[in-house]
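J.: Got a structure for you, written out below as structure tokens; questions coming shortly.
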Ligand SMILES: [Mg+2]
């Protein structure tokens, strides 16, 4: 059996732990640079779409008295760590799936409600939990639980009861379907998770293997238990505070994104086989990107930066005003233990440098030490403090910002 734990409105909940006055207020959290809304308290979800730019909903925000918060990732990632550490004590196997979600092997020693109470007591974060025989069903149970009392256990139910629940889950909310495939299914009169589950065998053959897997999982037959749970790609991107014209500034910004991805890859023990760099002038037709395949899978920051620097000249056009730049790494795979490679010494050397850089940054704060290629003109420097007008203190990670109790 498997359980999925999902933190409710995670960023908003993390803000509320340290500022209880927000508890009964409508709260929205903004993206870095305060541009878009990336998290909302439950009450305003129907009126404020996810990801919407703030300027588009100013009136609605005012009308509902919404408290705005700049994103505080130091706080969120530390709270995430605490939630995961608490969950890890309750299960033999924990798979952290995202910053606010984790799959747990479910021995049935605790009730879902007990897990909810433990996480809430130890971290202050409210969670939803779904338990079922497959990951897809557990995820469905969690989605449904969010609209009920935050816990739903399929394991004790007969199939007819489970089906009744699946009838209430829109097909677009099924894990692996999502909002992109949902319209496609709706034109075929498949509206709910139940419709998908009961699709006749003959019709299923028309669909790709990924959809067939989802259907099997909805039927209680596990398919991806042992499949790697790592992401397919990682992206680092940011808008410039002011337009950038200069090639060296673009290059520095892209290298800085590359270095950031190197850290993320090493943390996740993944390597990338391809890398894409992109810049944008802010207009629809003004997005330029170029990609290359890495000679071998890597998470070595120096290799990523090397590839990026080769791509910059293909990407840059003099005279354009750039508003945004970013890097994406793709074709990710888990780090392989290297044994028989002739370049082993060189690889080992790279590994040592990266480990040292990571250790220094871990000790002295994120990006205390950087690669020279990341340092360009001020405008291109993505390590500069973003605009964060409404950021709460980093209560749990910076001594000076500890919560004061008076
Ligand atoms: Mg969540």
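J.: If only one of 75, 87, 104 is closer than 30 Å to residue 242 by Cβ, crowded, with 19+ Cβ neighbours inside 10 Å, within 16 Å of the ligand (Cβ to nearest atom) and touching a residue at least 12 places away in the same chain (Cβ under 8 Å), which one is it?
T.: The match here is 75.
J.: Of the residues 194, 207, only one is farther than 20 Å from residue 373 by Cβ, in a helix (DSSP H, G or I) and over 27 Å from the mean Cα position of the chain (by Cα); which? Before the answer, list the steps.
T.: Values: 207 fails: in a helix (DSSP H, G or I).
From the options 194, 207, the qualifying one is 194.
J.: Could you list, in sequence order, all residues of the range 333-362 that are touching a helix residue (DSSP H, G or I) at 6+ places or on another chain (Cβ under 9 Å) and modelled with pLDDT under 60?
T.: Of everything in the range 333-362, those that are touching a helix residue (DSSP H, G or I) at 6+ places or on another chain (Cβ under 9 Å) and modelled with pLDDT under 60 turn out to be 338, 341.
J.: State yes or no: is residue 43 more than 28 Å from residue 241 (Cβ to Cβ) and without any contact (Cβ under 8 Å) to a residue 24 or more places away in the chain?
T.: Here the answer is yes, as residue 43 does meet what is asked.
J.: Would you check which residues across the range 1-56 are buried (at least 18 other Cβ atoms within 10 Å of the Cβ), within 16 Å of the ligand (Cβ to nearest atom) and assigned to a strand (DSSP E or B) and list them?
T.: 3, 4, 5, 6, 7, 27, 28, 29, 37, 39, 40
J.: With 189, 238, 213 as the choices, which residue is surrounded by fewer than 20 Cβ atoms within 10 Å (Cβ to Cβ), at pLDDT 85 or above, in a loop (DSSP other than H, G, I, E, B) and outside the structural domain of residue 99 (by TED's automatic domain parsing)? Steps first, answer last, please.
T.: Values: 238 fails: in a loop (DSSP other than H, G, I, E, B); 213 fails: in a loop (DSSP other than H, G, I, E, B).
Result: 189 is the single residue among 189, 238, 213 that is surrounded by fewer than 20 Cβ atoms within 10 Å (Cβ to Cβ), at pLDDT 85 or above, in a loop (DSSP other than H, G, I, E, B) and outside the structural domain of residue 99 (by TED's automatic domain parsing).
J.: Among the residues of the range 297-305, is any surrounded by fewer than 20 Cβ atoms within 10 Å (Cβ to Cβ) and more than 24 Å from residue 351 (Cβ to Cβ)?
T.: no
J.: Now a separate question. If I go through the range 276-315 residue by residue, how many of them are in a strand (DSSP E or B), in contact with a strand residue (DSSP E or B) (Cβ under 7 Å, 6 or more places away or on another chain) and either over 26 Å from residue 242 (Cα atoms) or not assigned by TED's automatic domain parsing to the domain that holds residue 334 (or both)?
T.: Here the count works out to 5.
The values are calculated or read from the model by the stated rules, or taken from the named source; none is laboratory data. Keep in mind that what you see is a predicted model, and the values were worked out from it rather than measured. All Cβ positions, glycine included, derive from the backbone under ideal geometry; neighbour counts span all protein chains shown.
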